[in-house]
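The values are calculated or read from the model by the stated rules, or taken from the named source; none is laboratory data. Treat the numbers as computed from the prediction; the structure is a model and nothing was measured. Positions of Cβ are backbone-derived with ideal geometry, glycine not excepted, and every protein chain shown enters the neighbour counts.
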Amino acid sequence: MTQKSVGAMAMFVTAVTASGAVSSSAVANDSTAFKLRAVVPVSCEVQFTPTGSGSSAAADVVRLGELKETCNSPDGYMLEVRYTPNTLRGVTLYVGNDRIVLDGSGRAYIPGSAGPTIQTRRLSAQIGDQGFDTREFQVAAIAN
């Protein structure tokens, strides 16, 4: 409650008691119960931070950046990668310890977590024969 609400309630109780309509013993014996229910909406998001290009120990693997994944879903989440269809065929994405080879379909899914979590994972790609030939590349966290 805000201070104004508490102050107004105290003034009301004082006014009722002072008028004699309700005795102080009756006010003291009365009890009021409140049920408070809060609903927290499920929220999952990914923030991408580029770390500059740089090769890793594996041949043709380029560091793209880091993904900060935040999700409060009790059932966890997965990452959905969206890119222009018919592109990135044969590109291997590495998200932390997870690895997936893109098939050109325009969508791919990578495990996130089995429960609510906040984690940061490195995003790298091993470029295929066609290179990184897409105009669109998005990563989103999808609640399970």
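Evaluate region 80-89: report whether one residue or more is in contact with a Cys (Cβ under 8 Å, 6 or more places away or on another chain), at pLDDT 95 or above, on the phi < 0 side of the Ramachandran plot and not acidic (Asp, Glu). Step through it out loud before you land on a result.
The initial filter retains those residues of region 80-89 that are in contact with a Cys (Cβ under 8 Å, 6 or more places away or on another chain), namely none.
Looking for residues that are in contact with a Cys (Cβ under 8 Å, 6 or more places away or on another chain), at pLDDT 95 or above, on the phi < 0 side of the Ramachandran plot and not acidic (Asp, Glu), one finds none in region 80-89, hence no.
Given 125, 140, which one is touching a residue at least 60 places away in the same chain (Cβ under 8 Å) and under 16 Å from residue 46 (Cα atoms)?
140
Are any residues in region 22-61 touching a strand residue (DSSP E or B) at 6+ places or on another chain (Cβ under 7 Å) and modelled with pLDDT under 90, and if so, which ones?
Scanning region 22-61 gives 51, 53, 54, 55, 56, 58, 60, 61.
Within region 98-121, how many residues turn out to be more than 19 Å from residue 50 (Cβ to Cβ), touching a residue at least 40 places away in the same chain (Cβ under 8 Å) and surrounded by 16 or more Cβ atoms within 10 Å (Cβ to Cβ)?
3
Run down 91, 81, 95 and say which single residue is touching a Lys or Arg at 6+ places or on another chain (Cβ under 6 Å) and either under 22 Å from residue 50 (Cβ atoms) or hydroxyl-bearing (Ser, Thr, Tyr) (or both).
Testing whether each residue is touching a Lys or Arg at 6+ places or on another chain (Cβ under 6 Å) and either under 22 Å from residue 50 (Cβ atoms) or hydroxyl-bearing (Ser, Thr, Tyr) (or both) leaves just 95.
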